[in-house]
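First the structure, in the form of structure tokens, and then the observations on it.
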There are 2 protein chains.
Amino acid sequence: MELDERKITILKAIIRSYMETGEPVGSRTLSKLPNLQVSSATIRNEMSDLEEMGYIVQPHTSAGRVPTDKGYRFYVDEIMKEKDIELKEKDSQLTEYKELMDKRVDRLEYVLKHVAKLLAANTNYATMISGPSSRRNKIKFVQLSRMEKNRILVATVFEGNIINNRIIAISEDISEKEIGELNMLLNTSLTGLTMNEINLATIMKLRSDAGDYSDVIDQVLTEISEAFTNNEEEELEVYTSGATNIFKYPELTGGDAAGMLIEQFEKKDELRQMLGEINEGYAADAENAGIRVYIGEELPMHDMSDCSLVTANYDFGSGISGTIGIVGPKRMDYDKVLGTLKSVMKQLEDTFRI
Amino acid sequence: MELDERKITILKAIIRSYMETGEPVGSRTLSKLPNLQVSSATIRNEMSDLEEMGYIVQPHTSAGRVPTDKGYRFYVDEIMKEKDIELKEKDSQLTEYKELMDKRVDRLEYVLKHVAKLLAANTNYATMISGPSSRRNKIKFVQLSRMEKNRILVATVFEGNIINNRIIAISEDISEKEIGELNMLLNTSLTGLTMNEINLATIMKLRSDAGDYSDVIDQVLTEISEAFTNNEEEELEVYTSGATNIFKYPELTGGDAAGMLIEQFEKKDELRQMLGEINEGYAADAENAGIRVYIGEELPMHDMSDCSLVTANYDFGSGISGTIGIVGPKRMDYDKVLGTLKSVMKQLEDTFRI
DNA sequence: GTTAGCACTCACCGTAATCGAGTGCTAATC
DNA sequence: GATTAGCACTCGATTACGGTGAGTGCTAAC
């Protein structure tokens, strides 16, 4: 059987109606729509066909129809096909984001956190953003400064102005002048390198150049390496916001489902991993960049199969990339979410791309 | 009427039983307890008295009794009276905390975040910790470093090794040597000062000493001032953990109450303010340090009047202080919470007190 | 191919009946 | 006077049940 014009109209109408109300939609309701000038009986026949084809389903006999994952998938693909969703330049929310970003270009972290909040507030869904992955990121600048007699502050700045501080304790007495020399040494050796590019040869050269202070160099390198990996595993935050929005959608909060979902949102580790995998996916398949939609069972996280997830990837070059995700009920307003996400991504990339 | 021995035994038994089950407790249940060798009728009489005195209440006629806020208050005071709850040195959880703290003395933030997590996991309640307030904190060290041609990294370290970084853009060309001089100047002028102590005289002196670079000084001071206040308003985090634990207590999740509560936990602003006020309270009344318990209506946050809050204050000197709070149902296991909190506080203070 | 009509299904709602844990009271007992 | 046994009573929780209505599928007429 084919999806003819009328079937498509009906399917879309069902989905849209279900999006609004969250209630199964019946044939009579549809027959009253202006763009469907046929009787309810006709619609019933069409619905029967749609059900057979797997786009919709009845929760129980004698109830209206509800879209299946396949139905949503069709709808989303249809939306995505409508090429570039026009970016309304005057959109108030867009300027809202823009202001936020102009404010503090040097604090990506800060901006991401607030973007999560704004997205949650604007869409009424839950949002999550993974902070920039930096394992492939380059060192821009290293600075040792003596804080106290035998404590040194190691500040490492990565591309994208991601700053990491460590404090190390040293045993030797070291003069300001020598610290200056070590700084010079470190910067000439390390600037522009990624974690993987700091190899044994580099390290050996550094140590021999440092002379008496080779063990200070060791400590500094340890801290820098931790700065790399720790970013990855510990401090690579996932910013979430609006998790409580799910309480607005009764179909997600039946029974103890609400608890389960909110709990998912507290498991930052798993979220981070999930977003990380999605991010990898984007990297592997560059042409398919942009926005992706995962519906129900398609979700990488099994416990959330009653939800949909819309993701977008940011990549500012130099290995600074991450993922934004918006989670809502399957009947989320894909149109709005896709539009909002698109404009936010544009804004982010314009501001931060190196 | 007086609270005689037997009434106290019964009251405690009611509270303990209610803590375990969350169900109203009846006279027959109590009569079966080993330390109450009287008939249910006798207990009924006593319960009637206790109700009259306001320690317990019936949710409805013909139901068992449930402790009132006053009842809990009595119970908690009773526990607190049992002076120092013995710190079991060999307690596995204590070593767990200790390991955590030894690991990274220089990252208070990191430790606090993980303490929140551990507390939530160990107690099964929700925890929140306010990061150290620093408005009254002293500058320990300031360091300018040139990152790029006209970008300077301003690293400010406060007492307690709280590090704050800013990046400023400068128009003038400035040599390494001159940056070194500015560093010297800034450190001699600012080290040891709090926000309020940086007055006009200090600023004027700095500017005149800086000569041609007085506007760099201006920028640096702006950033430092923001570092102070921003710590206070933006980045002064509240770390929460285990919010979903509340789903384990049905009496908190009836209706949409669960949503409300979880929402409270997402409002970091309000939590921070609440913890801040509590912290102020501790400061104002030093002798009453230690642990406090807020029951039901006593809570500073009105929407949480079905809960209890146990708080403890940490103060490491130099104005670095904050508050830890544990939120649970009124029938929370006060004994355990008080003990756990006490040992954690001790550990924290031992490790961090300056 | 479309529509009107009709019998049928089934979640939902409100009411009634039942059940049982728990109380308060009274009278007997220690 | 304190304690206890016994009993009537209360009231939330659970189950049972009939009515209602939205919605379907099918058939026959248009």
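The values are calculated or read from the model by the stated rules, or taken from the named source; none is laboratory data. Quantities reported herein were computed from a predicted structural model and do not represent experimental measurements. Counting neighbours? That spans all protein chains shown, and the Cβs are built from the backbone with ideal geometry, glycine included. Areas reflect the complete protein model, heavy atoms only, side chains present, ligands, DNA and RNA absent. Shrake-Rupley method; radii C 1.70, N 1.55, O 1.52, S 1.80 Å.
General remarks:
- Between the range B:260-276 and the range A:169-208, the alpha-carbon centres lie 45 Å apart.
- Intensity falloff of chain A expressed as log10 I(q)/I(0), Debye formula with alpha-carbon point scatterers, at q = 0.10, 0.11, 0.12 Å⁻¹: -0.72, -0.82, -0.91
- Springs join every pair of Cα atoms under 10 Å in this Gaussian network model of chain A, and among A:180, A:322, A:242 the largest mean-square fluctuation is at A:180.
- Using θ = phi - 60° and Karplus 6.51 cos²θ - 1.76 cosθ + 1.60, couplings along the range B:32-39 (whole Hz; Gly, Pro as x): 7, 5, x, 8, 10, 8, 10, 7
- Pairs of Cα atoms nearer than 8 Å and 6+ residues apart set the relative contact order; for the range A:139-233 it is 25 percent.
- Normalised per residue, the accessible area of the range B:139-233 is 44 Å², obtained with a 1.4 Å probe and no contribution from ligands, DNA or RNA.
- Surface share of carbon and sulfur [accessible, 1.4 angstrom probe, percent] for the protein assembly as shown: 48 percent
- Relative to the other identical copies, residue B:290 shows label-point distances of 6.6 nm, where the label point lies 7 Å from Cα along the Cβ direction and values run shortest first.
- Rel. contact order, % - alpha carbon contacts under 8 angstrom, at least six apart, chain B: 18 percent
- Computed over the range A:5-67, relative contact order equals 39 percent, with contacts defined as Cα pairs under 8 Å that lie 6+ residues apart.
- Sorted from nearest, the other copies put their residue B:215 label points 4.8 nm away, the label point being 7 Å from Cα in the direction of Cβ.
- Here is the size of the protein assembly as shown from its Cα atoms: Rg then Dmax, 30.3, 91 Å.
- Computed Kirkwood radius, in angstrom, where 1/r is averaged over Cα pairs of the range B:5-67: 11.3 Å
- Counting only protein chain heavy atoms and rolling a 1.4 Å probe, the accessible areas of A:151, A:272 rank, largest first, as A:151, A:272.
- Surface accessible to a 1.4 Å probe, residue B:61 within the full protein complex, Å²: 120 Å²
- At 7 Å out from Cα toward Cβ: residue A:181 inter-copy label distances (nm, ascending): 2.5
- Summed buried accessible surface, chains A and B, 1.4 Å probe, nearest 100 Å²: 3000 Å²
- Annotation: amide H of residue B:308 within the under-5 Å range of B:296, B:328, B:330, sequence separation 5 or more or interchain, hydrogens built in the peptide plane.
- Heavy atoms of residue A:148: accessible area, 1.4 Å probe, square angstrom to 10: 70 Å²
- Kirkwood hydrodynamic radius computed over the range A:139-233 comes to 13.3 Å, based on all pairs of distinct alpha carbons.
- Qualifying GluC sites (Glu not before Pro) in the range B:166-226, where qualification requires a DSSP coil assignment and no more than 13 other C-beta atoms within 10 Å, comprise B:172.
- For chain B, the longest principal axis of the alpha carbon atoms and the long axis of helix B:176-190 meet at an angle near 50°.
- When both the range B:1-70 and the range A:1-33 are represented by their alpha-carbon centers, they are found 59 Å apart.
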